[in-house]
């Protein structure tokens, strides 16, 4: 049955299915609601409003030297929105096989379509949040301009990381369902282990040393730099993460090839 | 196109006592696991245009075999080779999304089969027409009955004539009208050269649709041949067990009250026999015998044996008793066991499932003295007669004759 077509070719052949599934997910979410897709915009709007209100007005938090009353909420949103994408993509990929058991058990289709679906569906969520964020930046007069395109390679890198790691854990989760539960917890710790809500400068040197072990930290510092100061990210600091993805990718494929046949048996 | 061959196919599930044991095994620890072979040494090949019925009891491995053939599951050993476009109806529902309309689900299902947008658009009208869902086609699938879901699923899976069509029992849910419509389409596909692989518990369907049948038992091919032979074997060794289980299920479903009476007379055994062999599958239009063994716990001079055939829904189909037949089953001495046979020279029941209720009572009716009333003593099936198919519960001999045509009709 295994066709001679490459897996990538097969995924491309199923692009309609991928697009349809992504679209259906959004439609399904708002099928019997009145506001419908508006909810997708309201969620990030509420989040940005809360952080702005709480930190800029109620707590009056500001960075020394940074301009504008909105610097803190820009700082938070620049990190929080990509983190939410990262977190959603990773956890969706951990549930990749288990959550799609019905589909996998009944249809012969390229399974690689599933991580693509996850990437697209969570990506749309992210883009909508970014849209709201950009409107906010425009409104408060902090439009970052062209430097914000520098965030694109960072976003691609974090998605590659979330996809590869998530896929690996997703395969593992078929056999050990603890993985999904553990990841839900780990993601919470990981969030606070990454300077998103707080600035790395406020940490004691000892804690900051531990934090440097977090490969995602330079990515998020990159976003914050871009949106706050239109700064170019420190590309060299990303090397550990790039190396991790480069090693993890073949490892994941090897692992998948080895146990892939057993996946359907365990679902 | 449409050839299918399977060689040395086997499927083994590796069963660990727990996830912890599996983890140990993965880490190289000497952990014991059980290899559960659900299919072994399966080899057969199907020529293009041939139609093969897979029969076997629940858990024999039929569905697993179909999953291996469609590529949903990977075999542990052996090879599967399929040429041409395969369309499969595995299990019920095909994974329709309940919140979406039939139309939206059709679209997704078609994409999942690798169809393009244009192809689906061109087929949508004919899919809707065949499924006959009317306004329901644009309503969410959650409001569908299971029969409607099957109609939709079949309609999508067969929208384009595949080279190989694989159907797993799914049609059993539909109503008779739609079943016939489906079989009609399957037959037309067959004539056009589609290879058919069909799983069914219903010997009648296999007989009428397939020119070859494969009996799978315990994960192995037990018999591969013409349906009549294979089904005879199936009936002889497998059906009794399935049927007794079905009766048990029914008894449980009925929740007691299945058998009552004062017990002065007792039906020890009751079974259908054809050519001297016990069976629960009879053939329409053929002879059949109902064998009873009655035990008298007291001496009994005069009594009546009654029998009543009911259909699946519990409607009375045929009933009679020894009083109406003007027969005397008695007298019986206390402790005596007596065998009786009701001979049906021609069984005029149509193909379907039936139950048989038996009664021993005092006179022409059971009100005077009820010794043993056994509701659904036997559940059995009637399969179509070779070359003389009919529908309905009644199988009547009928002939067509060309007669002199009256002048005015010309």
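Brief remarks on what is shown
- Looking only at residues of the stretch A:163-193 that are within 14 Å of chain B (Cβ to nearest Cβ) and within 30 Å of residue A:203 (Cα to Cα), we find that the one that is surrounded by the most Cβ atoms within 10 Å (Cβ to Cβ) is A:182.
- Complete set of residues in the stretch B:328-340 that are exposed (fewer than 13 other Cβ atoms within 10 Å of the Cβ) and in a loop (DSSP other than H, G, I, E, B): B:328, B:333, B:334, B:335
- Residues that are part of a strand (DSSP E or B) and surrounded by fewer than 19 Cβ atoms within 10 Å (Cβ to Cβ), drawn from the stretch B:272-289: B:273, B:274, B:277, B:278, B:289
- Filter result for residue A:111 (within 30 Å of residue B:95 (Cβ to Cβ) and surrounded by 18 or more Cβ atoms within 10 Å (Cβ to Cβ)): yes
- Residue B:53 being farther than 22 Å from residue A:261 by Cα, more than 12 Å from chain A (Cβ to nearest Cβ) and touching a residue at least 40 places away in the same chain (Cβ under 8 Å): yes
- Of the residues making up the stretch A:26-42, those that are within 10 Å of another protein chain (Cβ to nearest Cβ) and touching a helix residue (DSSP H, G or I) at 6+ places or on another chain (Cβ under 9 Å) number 2.
- Leading residue by the ranking (nearest to residue A:154 (Cα to Cα)) among those in the stretch A:189-205 that are at pLDDT below 85 and in a helix (DSSP H, G or I): A:200
- Residue match in the stretch B:397-404 (condition: on the phi > 0 side of the Ramachandran plot and surrounded by fewer than 19 Cβ atoms within 10 Å (Cβ to Cβ)): no
- Restricted to the stretch A:85-110, and to residues there that are in contact with a helix residue (DSSP H, G or I) (Cβ under 7 Å, 6 or more places away or on another chain) and free of Cβ contacts under 8 Å to residues at least 60 places away in the same chain, the residue that is farthest from residue A:193 (Cα to Cα) is A:107.
- Checking residue B:22 against (1) under 16 Å from residue A:265 (Cβ atoms); (2) in contact with a strand residue (DSSP E or B) (Cβ under 8 Å, 6 or more places away or on another chain), the condition it does not meet: (2)
Yes/no matrix, rows are residues, columns are (1) without any contact (Cβ under 8 Å) to a residue 12 or more places away in the chain; (2) in contact with a strand residue (DSSP E or B) (Cβ under 9 Å, 6 or more places away or on another chain); (3) not in a helix (DSSP H, G or I):
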| site | (1), (2), (3) |
| --- | --- |
| B:81 | no, yes, yes |
| B:88 | no, yes, yes |
| B:98 | no, yes, yes |
| B:106 | no, no, no |
| B:109 | no, no, no |
| B:118 | yes, no, no |
| B:122 | yes, no, no |
| B:127 | no, no, no |
| B:136 | no, yes, no |
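- Residue list for the stretch A:210-239, restricted to those being at negative phi and surrounded by fewer than 16 Cβ atoms within 10 Å (Cβ to Cβ): A:210, A:211, A:212, A:213, A:229, A:231, A:232, A:234, A:235, A:236, A:237, A:239
- Residue that is surrounded by the most Cβ atoms within 10 Å (Cβ to Cβ) [pool: residues in the stretch B:67-119 that are within 7 Å of another protein chain (Cβ to nearest Cβ) and on the phi > 0 side of the Ramachandran plot]: B:94
- Pair list, Cβ < 6 Å and 6+ apart or interchain, from the stretch B:17-36 residues that are away from chain A (no Cβ under 11 Å) and at positive phi to residues that are modelled with pLDDT under 80 and surrounded by 15 or more Cβ atoms within 10 Å (Cβ to Cβ): none
- The C-beta contact set for the stretch B:364-387 (first residue on the phi > 0 side of the Ramachandran plot, second residue at pLDDT below 80 and surrounded by fewer than 21 Cβ atoms within 10 Å (Cβ to Cβ), distance under 8 angstrom, 6+ apart or interchain) comprises B:376/B:247; B:376/B:250; B:376/B:251; B:376/B:254; B:376/B:258.
- Verdict on residue A:147 being without any contact (Cβ under 8 Å) to a residue 60 or more places away in the chain, part of a helix (DSSP H, G or I) and either touching a helix residue (DSSP H, G or I) at 6+ places or on another chain (Cβ under 7 Å) or over 29 Å from residue A:249 (Cα atoms) (or both): no
- Number of positions in the stretch B:10-45 that are touching a helix residue (DSSP H, G or I) at 6+ places or on another chain (Cβ under 6 Å) and part of a strand (DSSP E or B): 4
The values are calculated or read from the model by the stated rules, or taken from the named source; none is laboratory data. Keep in mind that what you see is a predicted model, and the values were worked out from it rather than measured. For neighbour counting, all protein chains shown are included, and Cβ atoms are generated from backbone atoms with ideal geometry for every residue, glycine included.
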